[in-house]
Amino acid sequence: MIVFISPAKTFKSYQQEGLQIPTMVDFSKKILKKLQILSADDLKTLMKVNDKIALLNYDRFKNFKFDKKGSPAIFSYDGIQYKSINPSSFNNDDIDFAQNNIRILSGLYGVLSPMDSIYPYRLEMMTKLEISPFKNLYEFWDDSIYSSLNSDSDGVIVNLASDEYSKSVKKYLDSDTKYITCIFKIEKNDKLKVESTASKKARGLMVNYIVKNKISDYHKLKDFNLDGFEFSEDLSTFGEQKIEYIFIKKAEK
């Protein structure tokens, strides 16, 4: 079973020995080559960011490296989801399990294992970066991200990512692969709603739950009950290939 998650926009540094170079680095170098010819103003327009962020990433790309001296991916991203994953709580067995079962999708790196060496960057998958003959990153990565996940999956892929990133996987599914999507909804005033912040936190807690409990059977994901979320059998859907696990949390009054 392979679980994939989204990256984050913010980073922190974490020193660790024994890191590895991301497996899709040859793809990443082609993307970087295109990014390095863009000006800060070009990046501002492309990424729809302010001057400060554009200049920061202009400098990052100009000096970017692919080596083993960076920061481990799962410790480097610093968004809501990663705070909930709380990788600093992992022991060596947890790290080994995560390395074998957790993957992070990235517009720049494609697929990352938790202990891959990365450097700070900003490049969302939806960015319309043209790398001839491809019009955007979805076309550029094509089915390579799915192929990478599937080769390690034993036929089961669990989606704990946003639609932006799961889009690069879902369209390429073959008939031999089980695809389980976990969706977290808030119940308020008898209505169910997906809230971004709550979902990011829940996805992170789910990753921590999977790693700490060494879950390799997707059926056991139903037992997840952290932060007030509980599995709903009635609302979940069970297709032969595509499955949606729905978890519900009642909003605080």
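The values are calculated or read from the model by the stated rules, or taken from the named source; none is laboratory data. For clarity, every value in this text was computed on a predicted model and none was experimentally measured. Cβ: placed from backbone, ideal geometry, glycine included. Neighbour counts: every protein chain shown.
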**Item:** Selected residue (only one of K68, K34 is surrounded by fewer than 21 Cβ atoms within 10 Å (Cβ to Cβ), out of contact with any Cys (no Cβ under 8 Å at 6 or more places or on another chain) and touching a residue at least 60 places away in the same chain (Cβ under 8 Å))
**Value:** K34
**Request:** Name every residue in the range 10-19 that is out of contact with any Asp or Glu (no Cβ under 6 Å at 6 or more places or on another chain), touching a residue at least 40 places away in the same chain (Cβ under 8 Å) and surrounded by fewer than 13 Cβ atoms within 10 Å (Cβ to Cβ), in order of residue number.
**Result:** S13, Q15, G18
**Asked** Can you find a residue in the range 198-212 that is in contact (Cβ under 8 Å) with a residue 12 or more places away in the chain and over 17 Å from S84 (Cα atoms)?
**Response** no
**Unique residue being over 22 Å from F140 (Cβ atoms), among the hydroxyl-bearing types (S, T, Y) and out of contact with any Ser or Thr (no Cβ under 6 Å at 6 or more places or on another chain) when the list is S89, S39** = S89
**Message:** Regarding the range 231-242, can at least one residue be identified that is at pLDDT 95 or above, closer than 18 Å to A161 by Cα and of a type in the set (A, V, I, L, M)?
**Reply:** no
**Asked** Are there any helices (runs of 4 or more DSSP H) wholly within the range 129-241 with 1 or more residues that are closer than 24 Å to I95 by Cα, and if so which?
**Response** 144-151, 163-170, 196-212
**Asked** Can you name the residue in the range 16-58 that is in contact with a Lys or Arg (Cβ under 9 Å, 6 or more places away or on another chain) and of a type in the set (G, A, S) and is also nearest to K135 (Cα to Cα) among such residues?
**Response** A54
**Request:** Identify, from the list S144, S132, the residue that is surrounded by fewer than 16 Cβ atoms within 10 Å (Cβ to Cβ), of a type in the set (S, T, Y) and at pLDDT below 95.
**Result:** S132
**Request:** Give the residues of the range 11-48 that are farther than 19 Å from P114 by Cα and assigned to a loop (DSSP other than H, G, I, E, B), sorted by residue number.
**Result:** Q36, I37, L38, S39, K48
